[in-house]
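*Asks:* I have a structure here, written as structure tokens, and I will follow up with some questions on it.
The values are calculated or read from the model by the stated rules, or taken from the named source; none is laboratory data. Given the structure is predicted, the values throughout are model-derived calculations rather than measurements. Don't worry about glycine lacking a Cβ; one is built from the backbone with ideal geometry, like all the others, and counts go over all protein chains shown.
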Amino acid sequence: MENKTATLSFDDTSIELPMVEGSEGERAVDISKLRGTTGLITLDPGYVNTGACKSAVTFLDGEKGILRHRGYAIDDLADNYSFVEVAWLLIYGNLPSPEETQLFKDLIKKHYEVDDSIKSIIESYPGEAHPMALLASCTVALSGLYEEPEEATDEEVLEIVARLMAKFVGIAAFTYRKSKGKAFIESDSSLDYCENFLNMMYDEDEHDDEMRKIIAKALNRLLIIHADHEQNCSTSTVRIVSSSNVNIYASVASGICALWGPLHGGANQAVMEMLQEINETDEDIESTLARAKDKSDPFRLMGFGHRVYKTYDPRAKIAKASCDEFLEKLHGREDLVETAIQLEAAALADDYFKDRNLYPNVDFYTGIIYRAMGIPTELFTVLFAIGRLPGWLAHLLELRGDPDKKIGRPRQIYTGANEIKL
């Protein structure tokens, strides 16, 4: 692609725009000097054709169903590594050595304790408040407790990363315990990341040791498949907020708020709410699918299809396998999980959905697993945030190290009134 250009012609003018090619062959037209040279800008609602940055973190090919982190296929990572190791990979670009893994684990364990002031914030919220509101508020509050140095060293940045990973699970566990009217459970440094999180969530008699290990294994895989997904809504939000040089905590809090929406991280919660509605109305599965096909019906089949993937989402394959494995080990299933399984089978057999590549996505299967784990629906998105945190941090730190970094400032096409003279 060296010295190749694309020609843009308008009126009686033509200009040459440089071409850029990524390491996986994706090509782009560099329009960074378009406005300064011609006065023109591009219009791209939703930024669906806009490359906002160059990044070495994650490669995604929606046509072929490929997802790789730092060159490693998502299924290889989910099968062979812990969430903590994958977090290190995303942030630092390499799989950690045993010594680096232990260092990272020890730093995370150091920060599990939830500060009294953070507990006070959680306790001050009304009982019906969404857990994502609490997580966002507490994350911003961390900036007051742990001020980020202006010129943080690598060791200080690693400390902040470990602190956030630890505080997220502590905040999530305390939020869950508060909603149940139960006392906070302190962390157990002898347990790994997922096992400790579950230990802080559940009473001792809620699951036996075997079931806790099964749940921890499933949770580890779910956190990994959520860890990063290229320039999605919340990651792009973190990058654009961070571009103003705000602290890491505030940048991450912005990602939490973006993830909250039902079209993004809140989709697995929306799936369960849809299934609840189906159950409450006693609507059969075929009627549900018919409503989804009817363009005049406002009903939307949540958990099917994806903005980027035009084939089966590779994360959904991993989540489905985990879902099948996990449900096999349960002695019984509640009605909502049964409805989900029936809906999945019917949609996969329906030509309408197959022809349109509307496969069950990662949100559909993660919702089923979380529900089967006994996790409240409103906490689903918080678990997504715990998983996505390393991706946010990886992109934030990548942006900070970019010598060509600019503050995010999109343009617009103004369509309002012309000058009105008084």
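*Asks:* Taking the stated definitions as given, is ALA340 aliphatic (A, V, I, L, M), over 20 Å from ALA267 (Cβ atoms) and in a helix (DSSP H, G or I)?
*Replies:* Values: aliphatic (A, V, I, L, M): yes; over 20 Å from ALA267 (Cβ atoms): no; in a helix (DSSP H, G or I): yes.
Taking the combined requirement at face value, the residue does not satisfy it.
*Asks:* Does GLY265 count as at pLDDT below 95 and touching an Asp or Glu at 6+ places or on another chain (Cβ under 9 Å)?
*Replies:* So GLY265 fits the description; yes.
*Asks:* Okay, moving on. Just to verify a result, which residue in region 76-111, among those that are among the hydroxyl-bearing types (Ser, Thr, Tyr) and touching a residue at least 40 places away in the same chain (Cβ under 8 Å), is nearest to CYS194 (Cα to Cα)?
*Replies:* SER82
*Asks:* Now for a separate question. Does ALA78 fit the bill of being within 23 Å of the chain's Cα centre (by Cα) and under 26 Å from TYR359 (Cβ atoms)?
*Replies:* yes
*Asks:* Just checking, which of ILE285, ILE248, ILE240, ILE256 is touching a Leu at 6+ places or on another chain (Cβ under 7 Å), within 15 Å of LEU397 (Cα to Cα) and of a type outside the set (Lys, Arg)?
*Replies:* Exactly one residue qualifies, and that residue is ILE248.
*Asks:* Would you call GLU325 under 25 Å from LEU259 (Cα atoms), of a type in the set (Asp, Glu) and surrounded by 13 or more Cβ atoms within 10 Å (Cβ to Cβ)?
*Replies:* No; evaluated as a whole, the condition is false for this residue.
*Asks:* Using the structure shown, decide if SER179 is touching a Gly at 6+ places or on another chain (Cβ under 9 Å) and among the hydroxyl-bearing types (Ser, Thr, Tyr).
*Replies:* yes
*Asks:* Take region 20-65 and flag every residue that is touching a residue at least 40 places away in the same chain (Cβ under 8 Å) and over 24 Å from the mean Cα position of the chain (by Cα).
*Replies:* Those that are touching a residue at least 40 places away in the same chain (Cβ under 8 Å) and over 24 Å from the mean Cα position of the chain (by Cα): ARG35, ILE41, LEU43.
*Asks:* Do you know which residues across region 109-134 are part of a helix (DSSP H, G or I) and hydroxyl-bearing (Ser, Thr, Tyr)? Walk me through it before giving the result.
*Replies:* The first filter runs over region 109-134 and keeps only residues part of a helix (DSSP H, G or I), leaving 109-110, 116-124, 131-134.
Matches in region 109-134: SER117, SER120, SER124.
*Asks:* Take region 305-319 and flag every residue that is surrounded by fewer than 21 Cβ atoms within 10 Å (Cβ to Cβ) and either in a helix (DSSP H, G or I) or touching a strand residue (DSSP E or B) at 6+ places or on another chain (Cβ under 7 Å) (or both).
*Replies:* Selection gives VAL308, LYS317.
*Asks:* How many residues are closer than 24 Å to GLU210 by Cβ and either outside the structural domain of LEU222 (by TED's automatic domain parsing) or not hydroxyl-bearing (Ser, Thr, Tyr) (or both) when one looks only at region 301-335?
*Replies:* The qualifying residues number 16.
*Asks:* Across region 90-104, what is the total count of residues that are surrounded by fewer than 19 Cβ atoms within 10 Å (Cβ to Cβ) and either of a type in the set (Gly, Ala, Ser) or within 22 Å of the chain's Cα centre (by Cα) (or both)?
*Replies:* Summing the residues that are surrounded by fewer than 19 Cβ atoms within 10 Å (Cβ to Cβ) and either of a type in the set (Gly, Ala, Ser) or within 22 Å of the chain's Cα centre (by Cα) (or both) in region 90-104 gives 5.
*Asks:* Do we find a residue being surrounded by 12 or more Cβ atoms within 10 Å (Cβ to Cβ), within 22 Å of ARG221 (Cβ to Cβ), touching a strand residue (DSSP E or B) at 6+ places or on another chain (Cβ under 6 Å) and modelled with pLDDT of 95 or more anywhere in region 43-57?
*Replies:* Within region 43-57, not a single residue is surrounded by 12 or more Cβ atoms within 10 Å (Cβ to Cβ), within 22 Å of ARG221 (Cβ to Cβ), touching a strand residue (DSSP E or B) at 6+ places or on another chain (Cβ under 6 Å) and modelled with pLDDT of 95 or more.
*Asks:* For region 135-145, how many residues are in contact with a Lys or Arg (Cβ under 9 Å, 6 or more places away or on another chain) and either surrounded by fewer than 21 Cβ atoms within 10 Å (Cβ to Cβ) or not polar (S, T, N, Q) (or both)?
*Replies:* Total meeting the criteria: 2.
*Asks:* Could you check region 350-422 for helices (runs of 4 or more DSSP H) lying wholly inside it with 2 or more residues that are of a type outside the set (Lys, Arg), buried (at least 20 other Cβ atoms within 10 Å of the Cβ) and outside the structural domain of ALA52 (by TED's automatic domain parsing)?
*Replies:* Ranges flagged: 362-373, 380-400.
*Asks:* Return yes when SER254 is within 15 Å of the chain's Cα centre (by Cα) and without any contact (Cβ under 8 Å) to a residue 24 or more places away in the chain and no when it is not.
*Replies:* Answer is yes for this residue.
*Asks:* Is there a residue being acidic (Asp, Glu), on the phi < 0 side of the Ramachandran plot and in contact (Cβ under 8 Å) with a residue 60 or more places away in the chain anywhere in region 335-346?
*Replies:* No, region 335-346 has no match at all.
*Asks:* Looking at region 152-165, can you tell me whether even one residue there is farther than 26 Å from GLY401 by Cβ and assigned by TED's automatic domain parsing to the domain that holds LEU103? Before you say what the answer is, go through the steps one by one.
*Replies:* Looking only at region 152-165, we keep the residues that are farther than 26 Å from GLY401 by Cβ, and these are none.
Scanning region 152-165, I find no residue that is farther than 26 Å from GLY401 by Cβ and assigned by TED's automatic domain parsing to the domain that holds LEU103, so the answer is no.
*Asks:* Kindly list the number of the only condition in (1) polar (S, T, N, Q); (2) more than 25 Å from the chain's Cα centre (by Cα); (3) under 20 Å from HIS226 (Cβ atoms) that fails for SER296.
*Replies:* Just one mismatch for SER296, condition (3).
*Asks:* Something else now. For region 232-285, which positions are within 23 Å of ALA141 (Cβ to Cβ) and charged (D, E, K, R)?
*Replies:* If the condition is that a residue be within 23 Å of ALA141 (Cβ to Cβ) and charged (D, E, K, R), then ARG239 is the only one that fits.
*Asks:* Only one of (1) surrounded by 13 or more Cβ atoms within 10 Å (Cβ to Cβ); (2) more than 19 Å from GLY170 (Cβ to Cβ); (3) not aromatic (Phe, Trp, Tyr) is not met by LYS119, so which one is it?
*Replies:* Condition not satisfied by LYS119: (2).
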